[in-house]
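The values are calculated or read from the model by the stated rules, or taken from the named source; none is laboratory data. These numbers were taken from a predicted model, which means no experiment stands behind them. Cβ placement follows ideal geometry from the backbone for every residue including glycine, while neighbour counts extend to all protein chains displayed.
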(Lines give C-alpha, C1' and ligand atoms only; values in the text may rest on other atoms or scores of the structure.)
Protein backbone atom coordinates (compact mmCIF):
# COMPACT_ATOMS: atom_id res chain seq x y z
CA UNK A 1 0.00 0.00 0.00
CA UNK A 2 2.84 2.39 0.83
CA UNK A 3 4.33 1.78 -2.61
CA UNK A 4 0.94 2.36 -4.18
CA UNK A 5 0.49 5.68 -2.37
CA UNK A 6 3.94 6.86 -3.40
CA UNK A 7 3.28 5.91 -7.03
CA UNK A 8 -0.09 7.64 -6.88
CA UNK A 9 1.37 10.81 -5.46
CA UNK A 10 4.11 10.83 -8.12
CA UNK A 11 1.58 10.16 -10.89
CA UNK A 12 -0.72 12.92 -9.62
CA UNK A 13 2.24 15.30 -9.46
CA UNK A 14 3.20 14.47 -13.03
CA UNK A 15 -0.38 14.98 -14.24
CA UNK A 16 -0.56 18.30 -12.42
CA UNK A 17 2.80 19.42 -13.81
CA UNK A 18 1.87 18.43 -17.36
CA UNK A 19 -1.52 20.09 -17.08
CA UNK A 20 0.12 23.28 -15.85
CA UNK A 21 2.83 23.24 -18.53
CA UNK A 22 0.71 22.19 -21.48
CA UNK A 23 -2.36 24.33 -20.89
CA UNK A 24 -2.47 27.15 -23.43
CA UNK A 25 -1.22 30.62 -22.63
CA UNK A 26 -4.58 32.35 -22.42
CA UNK A 27 -5.23 35.98 -23.28
CA UNK A 28 -7.62 35.89 -20.39
CA UNK A 29 -6.85 38.52 -17.79
CA UNK A 30 -8.31 41.40 -19.81
CA UNK A 31 -11.80 42.28 -20.98
CA UNK A 32 -11.74 44.33 -24.19
CA UNK A 33 -14.65 46.48 -25.35
CA UNK A 34 -15.40 49.15 -27.93
CA UNK A 35 -17.53 52.26 -27.61
CA UNK A 36 -20.21 53.36 -30.07
CA UNK A 37 -19.13 54.55 -33.50
CA UNK A 38 -17.86 58.12 -33.45
CA UNK A 39 -16.83 58.09 -29.77
CA UNK A 40 -13.22 59.27 -29.40
CA UNK A 41 -12.83 59.56 -25.63
CA UNK A 42 -13.02 57.29 -22.60
CA UNK A 43 -16.04 57.48 -20.29
CA UNK A 44 -14.13 59.36 -17.60
CA UNK A 45 -17.03 59.27 -15.12
CA UNK A 46 -16.60 55.49 -15.03
CA UNK A 47 -12.89 55.68 -14.20
CA UNK A 48 -11.00 56.37 -10.98
CA UNK A 49 -7.79 58.45 -10.97
CA UNK A 50 -7.91 58.77 -14.74
CA UNK A 51 -5.32 60.61 -16.85
CA UNK A 52 -5.48 61.39 -20.56
CA UNK A 53 -2.60 62.00 -22.99
CA UNK A 54 -3.77 63.88 -26.12
CA UNK A 55 -0.27 64.37 -27.64
CA UNK A 56 -1.26 67.86 -28.78
CA UNK A 57 1.51 69.48 -26.72
CA UNK A 58 4.21 67.20 -28.15
CA UNK A 59 6.59 68.03 -31.00
CA UNK A 60 5.75 66.33 -34.29
CA UNK A 61 8.28 63.78 -35.53
CA UNK A 62 10.22 60.80 -34.19
CA UNK A 63 12.10 60.77 -30.89
CA UNK A 64 14.03 57.80 -29.48
CA UNK A 65 14.07 59.35 -25.99
CA UNK A 66 10.37 60.19 -26.14
CA UNK A 67 8.81 62.42 -23.50
CA UNK A 68 7.33 62.55 -20.01
CA UNK A 69 3.56 62.15 -19.83
CA UNK A 70 2.22 64.64 -17.28
CA UNK A 71 -1.30 65.56 -16.26
CA UNK A 72 -0.95 68.86 -14.47
CA UNK A 73 1.51 68.21 -11.66
CA UNK A 74 1.07 64.43 -11.88
CA UNK A 75 3.79 62.44 -13.64
CA UNK A 76 1.79 59.67 -15.31
CA UNK A 77 4.79 58.01 -16.94
CA UNK A 78 7.12 58.25 -19.91
CA UNK A 79 6.95 57.31 -23.57
CA UNK A 80 9.95 55.90 -25.48
CA UNK A 81 10.55 55.60 -29.26
CA UNK A 82 7.71 57.95 -30.11
CA UNK A 83 6.36 59.10 -33.44
CA UNK A 84 4.01 62.09 -33.22
CA UNK A 85 2.02 63.08 -36.31
CA UNK A 86 -0.15 66.10 -37.12
CA UNK A 87 -3.83 65.31 -37.56
CA UNK A 88 -4.71 63.87 -40.96
CA UNK A 89 -7.10 61.32 -42.43
CA UNK A 90 -5.45 58.55 -40.41
CA UNK A 91 -5.65 60.07 -36.93
CA UNK A 92 -6.05 63.00 -34.60
CA UNK A 93 -9.11 62.94 -32.33
CA UNK A 94 -11.56 65.67 -33.26
CA UNK A 95 -9.72 66.16 -36.53
CA UNK A 96 -7.21 68.53 -34.93
CA UNK A 97 -3.98 68.49 -32.93
CA UNK A 98 -1.59 65.52 -33.08
CA UNK A 99 -1.68 61.76 -32.62
CA UNK A 100 0.56 58.83 -31.68
CA UNK A 101 1.84 56.43 -34.32
CA UNK A 102 4.05 53.35 -34.69
CA UNK A 103 5.19 53.19 -38.28
CA UNK A 104 8.49 51.62 -39.33
CA UNK A 105 8.20 53.20 -42.78
CA UNK A 106 8.57 56.63 -41.16
CA UNK A 107 10.64 56.09 -38.00
CA UNK A 108 12.25 52.71 -38.57
CA UNK A 109 10.76 51.57 -35.23
CA UNK A 110 8.20 48.79 -34.80
CA UNK A 111 7.68 49.15 -31.02
CA UNK A 112 6.95 52.13 -28.76
CA UNK A 113 6.61 51.94 -24.99
CA UNK A 114 4.67 53.69 -22.25
CA UNK A 115 6.25 53.19 -18.81
CA UNK A 116 3.77 54.06 -16.07
CA UNK A 117 4.72 55.62 -12.75
CA UNK A 118 1.85 53.90 -10.92
CA UNK A 119 0.29 50.51 -11.64
CA UNK A 120 -3.00 50.79 -13.54
CA UNK A 121 -5.94 48.49 -14.23
CA UNK A 122 -7.46 50.34 -17.22
CA UNK A 123 -6.12 51.59 -20.53
CA UNK A 124 -8.09 53.11 -23.39
CA UNK A 125 -7.30 54.69 -26.73
CA UNK A 126 -8.95 56.10 -29.81
CA UNK A 127 -7.82 53.55 -32.38
CA UNK A 128 -7.84 55.24 -35.76
CA UNK A 129 -7.18 53.76 -39.21
CA UNK A 130 -7.10 50.41 -37.45
CA UNK A 131 -5.76 47.21 -38.95
CA UNK A 132 -4.99 43.68 -37.82
CA UNK A 133 -1.20 44.33 -37.64
CA UNK A 134 -1.52 46.39 -34.45
CA UNK A 135 -0.52 44.70 -31.17
CA UNK A 136 -0.71 45.83 -27.55
CA UNK A 137 1.38 44.14 -24.86
CA UNK A 138 0.77 44.84 -21.18
CA UNK A 139 3.50 44.14 -18.61
CA UNK A 140 3.80 44.20 -14.84
CA UNK A 141 7.26 44.51 -13.28
CA UNK A 142 8.85 43.39 -16.51
CA UNK A 143 6.62 40.35 -17.04
CA UNK A 144 4.04 40.12 -19.81
CA UNK A 145 0.51 39.85 -18.39
CA UNK A 146 -1.39 40.20 -21.66
CA UNK A 147 -0.84 40.45 -25.39
CA UNK A 148 -3.75 41.61 -27.51
CA UNK A 149 -3.87 41.85 -31.28
CA UNK A 150 -6.39 44.18 -32.81
CA UNK A 151 -7.30 41.50 -35.33
CA UNK A 152 -10.08 40.52 -32.92
CA UNK A 153 -11.44 44.06 -32.99
CA UNK A 154 -11.35 44.14 -36.79
CA UNK A 155 -13.32 40.88 -36.91
CA UNK A 156 -15.80 42.10 -34.31
CA UNK A 157 -16.53 45.35 -36.13
CA UNK A 158 -16.81 43.53 -39.47
CA UNK A 159 -19.58 41.37 -38.00
CA UNK A 160 -21.68 44.31 -36.75
CA UNK A 161 -24.86 45.29 -38.58
CA UNK A 162 -23.77 48.94 -38.34
CA UNK A 163 -20.14 48.25 -39.27
CA UNK A 164 -20.22 50.96 -41.96
CA UNK A 165 -20.55 53.61 -39.23
CA UNK A 166 -17.12 52.62 -37.86
CA UNK A 167 -15.31 52.88 -41.19
CA UNK A 168 -13.72 56.07 -42.43
CA UNK A 169 -12.53 59.11 -40.46
CA UNK A 170 -15.54 60.43 -38.47
CA UNK A 171 -14.25 64.00 -38.09
CA UNK A 172 -15.63 66.75 -40.34
CA UNK A 173 -12.16 67.90 -41.41
CA UNK A 174 -11.42 64.50 -42.94
CA UNK A 175 -14.96 63.14 -43.16
CA UNK A 176 -15.19 59.63 -44.66
CA UNK A 177 -11.57 59.65 -45.79
CA UNK A 178 -9.70 56.35 -45.49
CA UNK A 179 -13.04 54.53 -45.65
CA UNK A 180 -11.39 51.11 -45.83
CA UNK A 181 -10.29 51.10 -42.16
CA UNK A 182 -12.22 51.25 -38.86
CA UNK A 183 -12.09 54.00 -36.22
CA UNK A 184 -13.17 53.20 -32.65
CA UNK A 185 -12.44 53.90 -29.01
CA UNK A 186 -11.23 50.69 -27.34
CA UNK A 187 -11.22 49.91 -23.61
CA UNK A 188 -8.82 47.44 -21.99
CA UNK A 189 -9.79 46.33 -18.46
CA UNK A 190 -7.34 44.24 -16.44
CA UNK A 191 -9.79 42.29 -14.28
CA UNK A 192 -7.10 40.08 -12.75
CA UNK A 193 -4.56 42.64 -11.56
CA UNK A 194 -2.60 45.67 -12.77
CA UNK A 195 0.08 46.63 -15.27
CA UNK A 196 2.83 49.26 -15.31
CA UNK A 197 3.94 49.19 -18.94
CA UNK A 198 2.23 49.20 -22.33
CA UNK A 199 4.03 48.33 -25.56
CA UNK A 200 2.61 49.41 -28.92
CA UNK A 201 3.76 47.24 -31.82
CA UNK A 202 3.04 47.18 -35.51
CA UNK A 203 4.04 43.86 -37.04
CA UNK A 204 3.37 44.78 -40.65
CA UNK A 205 4.16 47.56 -43.07
CA UNK A 206 1.22 49.69 -41.94
CA UNK A 207 0.83 52.13 -39.05
CA UNK A 208 -0.59 51.87 -35.54
CA UNK A 209 -2.35 55.21 -35.16
CA UNK A 210 -4.02 56.20 -31.88
CA UNK A 211 -4.95 59.14 -29.69
CA UNK A 212 -6.38 60.08 -26.29
CA UNK A 213 -4.42 57.42 -24.38
CA UNK A 214 -6.24 57.05 -21.06
CA UNK A 215 -5.10 55.22 -17.91
CA UNK A 216 -6.91 54.65 -14.62
CA UNK A 217 -6.11 52.83 -11.40
CA UNK A 218 -9.63 51.42 -11.26
CA UNK A 219 -13.08 51.52 -12.87
CA UNK A 220 -16.71 51.18 -11.80
CA UNK A 221 -17.94 48.88 -14.55
CA UNK A 222 -17.21 47.53 -18.03
CA UNK A 223 -18.54 49.98 -20.61
CA UNK A 224 -19.04 49.59 -24.34
CA UNK A 225 -19.64 46.41 -26.32
CA UNK A 226 -17.45 43.52 -25.17
CA UNK A 227 -15.14 42.10 -27.85
CA UNK A 228 -13.30 39.58 -25.67
CA UNK A 229 -14.15 38.67 -22.09
CA UNK A 230 -11.63 37.81 -19.42
CA UNK A 231 -11.45 34.29 -18.02
CA UNK A 232 -9.31 34.50 -14.86
CA UNK A 233 -6.34 32.16 -15.07
CA UNK A 234 -6.61 31.28 -11.37
CA UNK A 235 -9.85 29.39 -11.95
CA UNK A 236 -8.20 27.16 -14.53
CA UNK A 237 -5.30 26.44 -12.20
CA UNK A 238 -7.71 25.72 -9.35
CA UNK A 239 -9.48 23.15 -11.52
CA UNK A 240 -6.18 21.41 -12.25
CA UNK A 241 -5.28 21.39 -8.54
CA UNK A 242 -8.64 19.87 -7.66
CA UNK A 243 -8.23 17.16 -10.28
CA UNK A 244 -4.76 16.30 -8.96
CA UNK A 245 -5.98 16.27 -5.35
CA UNK A 246 -9.03 14.13 -6.10
CA UNK A 247 -6.90 11.72 -8.09
CA UNK A 248 -4.50 11.26 -5.20
CA UNK A 249 -7.08 10.98 -2.43
CA UNK A 250 -9.31 8.59 -4.36
CA UNK A 251 -6.44 6.09 -4.62
CA UNK A 252 -5.73 6.42 -0.90
CA UNK A 253 -9.33 5.88 0.18
CA UNK A 254 -10.61 3.13 -2.12
CA UNK A 255 -9.49 -0.48 -2.37
CA UNK A 256 -8.10 -1.47 -5.77
CA UNK A 257 -6.40 -4.63 -6.94
CA UNK A 258 -2.98 -4.74 -8.50
CA UNK A 259 -4.38 -5.30 -11.97
CA UNK A 260 -6.52 -2.17 -11.76
CA UNK A 261 -3.56 -0.11 -10.60
CA UNK A 262 -1.48 -1.32 -13.52
CA UNK A 263 -4.27 -0.46 -15.93
CA UNK A 264 -4.62 3.04 -14.44
CA UNK A 265 -0.88 3.68 -14.69
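Quick notes on this structure:
Matching residues to (1) modelled with pLDDT of 90 or more; (2) more than 26 Å from residue 151 (Cβ to Cβ):
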position: 2; (1), (2): no, yes
position: 32; (1), (2): yes, no
position: 40; (1), (2): yes, no
position: 68; (1), (2): yes, yes
position: 76; (1), (2): yes, yes
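Yes/no per residue for (1) free of Cβ contacts under 8 Å to residues at least 12 places away in the same chain; (2) assigned to a strand (DSSP E or B); (3) farther than 27 Å from residue 109 by Cα:
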position	(1), (2), (3)
176	yes, no, yes
179	no, no, no
187	no, yes, no
204	no, no, no
221	no, no, yes
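- Qualifying residue in the range 129-137 (condition: more than 21 Å from residue 167 (Cβ to Cβ), without any contact (Cβ under 8 Å) to a residue 24 or more places away in the chain and not in a loop (DSSP other than H, G, I, E, B)): no
- The one condition in (1) part of a loop (DSSP other than H, G, I, E, B); (2) closer than 17 Å to residue 199 by Cα that residue 114 fails to fulfil: (1)
- Every test in (1) within 24 Å of the chain's Cα centre (by Cα); (2) at pLDDT 95 or above is passed by residue 96 save one, and that test is (1).
- Hey, residue 15 at pLDDT below 95 and touching a helix residue (DSSP H, G or I) at 6+ places or on another chain (Cβ under 9 Å) or not: yes
- Of the residues making up the range 184-206, not a single one is at pLDDT 95 or above, buried (at least 19 other Cβ atoms within 10 Å of the Cβ) and more than 16 Å from the chain's Cα centre (by Cα).
- Considering the range 73-115, and only residues there that are in contact with a helix residue (DSSP H, G or I) (Cβ under 9 Å, 6 or more places away or on another chain) and free of Cβ contacts under 8 Å to residues at least 40 places away in the same chain, the residue that is farthest from residue 62 (Cα to Cα) turns out to be 81.
- Among the residues making up the range 55-95, those that are part of a loop (DSSP other than H, G, I, E, B) and within 23 Å of residue 131 (Cβ to Cβ) are 55, 60, 81, 87, 89, 90, 92.
- Scanning the range 154-174 for residues that are in a helix (DSSP H, G or I), surrounded by 12 or more Cβ atoms within 10 Å (Cβ to Cβ) and more than 26 Å from the chain's Cα centre (by Cα) gives 173, 174.
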